[in-house]
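Nothing in this text is a laboratory measurement; each read-out follows from the coordinates by a stated rule. None of these values were measured; they are calculated from a predicted model. Cβ placement follows ideal geometry from the backbone for every residue including glycine, while neighbour counts extend to all protein chains displayed.
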Amino acid sequence: MIKIEVLLLSSENSSSAKLNWIEKQFHMKELGTNVKKETLAGITTFVSMAYILFVNPSVLGASGMDKGAVFTATALSAILGCLLMAFLANYPIAIAPGLGDNAFFTYSVVLAMGIKWQTALAGVVVASIIFTILTFFKIREIVINAIPHNLKLAMAAGIGMFIAFIGLQGGGLVVASKSSLVQLGSLTVPTTWLTIFGLFVTALLMARKVPGSIFIGIVATAILGLVTGLIKAPAHIVSSIPSMKPTFAVGIKHLGDVNTPQMWAVVLIFLLVAFFDTAGTLIGLAQQAGLMKDDKMPRIGQALMADSISMLAGSVMGTTPTAAYVESSAGIAVGGRTGFTSLVVAVLFGFGMFFSPLLSVVTTQVTAPALIIVGALMAQSLREIEWDKFEIALPAFLTVIAMPLTYNISYGFAFAFLIYPITMIAAGRRKELNPVVIALFFVFIVMLYVLNVLPSK
């Protein structure tokens, strides 16, 4: 009896010691939180962003990449990014492959420019190496701070519009037209109604502020597709983790292909998208969590390094650049304040790796509502742009509209940095232009020449 009591007491002491270590490691008491709150926050964040496990393979699969391999690469890069964010930066911010980057990879580089996905992936590897070096020497922070706030907002909104347009197209709601370029898709196509159903369900859940609305919407749409026979049921739900052999180190093997002006322009765009995507999200989430000090984000260098390392590892494994996820705000809303939240997300992504058979269920019609909703969320940055000042309104507007209409994120960036300096000088605000903006003006002139003029010669 005494032995049992001793064992129970020892077990309790051991559990208490572990909890104390966790609380000390993540400074929970200082930030007014605890393990229970952080665990709930991690679960909430994961449920809110779990859609990327299925959306990313769907988007990159359109470029010819193996969906199973991308699925595994997506999960592993997310696990690594979240672990680094947990232990290196101690922030409740999850990292996974970004939707803007994968859209640019597939639709702008591979499909529009005709570049093989192997070569494009090599471009991601090069961009990741440069990205990590720039982060290590804190150049990334300098450049981010130099880009005008209004242009950052316009870029985020433009990428959102582009993603939403891809969703509308993939779901069959918008189709090509010879007379008017685009038109409303036929409502007689049964699969289109899957997208409509998913969009309405997700929209209702989002309006009700239900945690994990996007993920629930995907699940509900997939179930409807299975019940109606529009989607073929998989043979299994749980299976072994798919091999990354079709994509692993492919980018490294094709590094020699990144030797054309066109590919270097692509590398530049990957760098720019990654630059602005994560930085803006990090600052916004830190503000939400009340972690900003003197209008600056503590340990931003460590947070950016976590993003850079996961981006580099992901490019080697076979996925597009990673980014901080705005869905982390869901976890922060329920109390997440430390890296333990990110640690929980990493663990759950590990469990998620065993559900790859569900990839066949998650069709473009199923993921389309998620893309449209995420696009709408990203477009919210439009409200903060200074629309009453024409010198800012015009480049911002052209940035936003150019991305979906040209089907290319890079052209949106080009409009931003080509028009902004001109309108600012015309408005008598030349002194507000910093050297980085002026340098990017000339960079994008060269980029447009490389992407458009050079190939036609």
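For this structure, a couple of remarks:
- For the residue pairs LYS67/LYS178; LYS152/LYS389; LYS37/LYS293; LYS24/LYS152; LYS29/LYS293; LYS293/LYS431, the alpha carbons lie more than 26 Å apart in LYS67/LYS178; LYS24/LYS152; LYS293/LYS431.
- Neighbour-count ranking [beta-carbon atoms within 10 angstrom, fewest first] of ILE309, ILE237, ILE130, ILE218: ILE237, ILE130, ILE309, ILE218
- Extending 7 Å from the Cα toward the beta-carbon at both ILE22 and THR188 defines two label points whose distance is 5.8 nm.
- Counting neighbouring Cβ atoms within 10 Å and putting the fewest first, the residues PHE270, PHE248, PHE137, PHE444 line up as PHE137, PHE248, PHE444, PHE270.
- Interatomic Cα distance distribution for the range 381-457, bins of 10 angstrom, percent: 19, 46, 29, 6, 0
- 5 angstrom amide H check on ALA324, placed H, neighbours 5+ away: THR278
- Taking packing as the residue-averaged number of other Cβ atoms within 10 angstrom, the listed peptides 84-95, 40-51 run from highest to lowest as 84-95, 40-51.
- Other residues within the sphere of radius under 15 Å centred on the Cβ of THR247, judged by their own Cβ, net out at +3 (K and R +1, D and E -1).
- Semi-axes of the equivalent ellipsoid for the range 32-382, computed as √(5λ) from the eigenvalues of its C-alpha gyration tensor and ordered from largest down, come to 29, 25, 20 Å.
- Residue-averaged 222 nm ellipticity for the chain, from DSSP H runs of 4+ at -39500 (n - 2.57), nearest 500: -21000 deg cm²/dmol
- Based on Cα contacts under 8 Å between residues 6+ apart, the chain shows a relative contact order of 33 percent.
- Compactness of the range 316-457, taken as the C-alpha radius of gyration over 2.2 N^0.38 Å, stands at 1.42.
- Length-normalised contact order for the range 287-392 - Cα pairs under 8 Å, 6+ apart - percent: 17 percent
- Phi-derived couplings, Karplus 6.51 cos²θ - 1.76 cosθ + 1.60 at θ = phi - 60°, listed residue by residue for the range 166-180: 4, x, 4, 6, x, x, x, 7, 10, 10, 5, 9, 5, 8, 10 Hz, with x used for Gly and Pro.
- Relative to the longest principal axis of the Cα atoms of the chain, helix 300-317 runs at roughly 80 degrees.
- Each peptide among 220-231, 177-188 gets the average number of other Cβ atoms lying within 10 Å of its residues, and from highest to lowest they stand as 220-231, 177-188.
- Footprinting exposure proxy ranking of HIS254, HIS236, HIS149, fewest other C-beta atoms within 10 angstrom first, gives HIS236, HIS149, HIS254.
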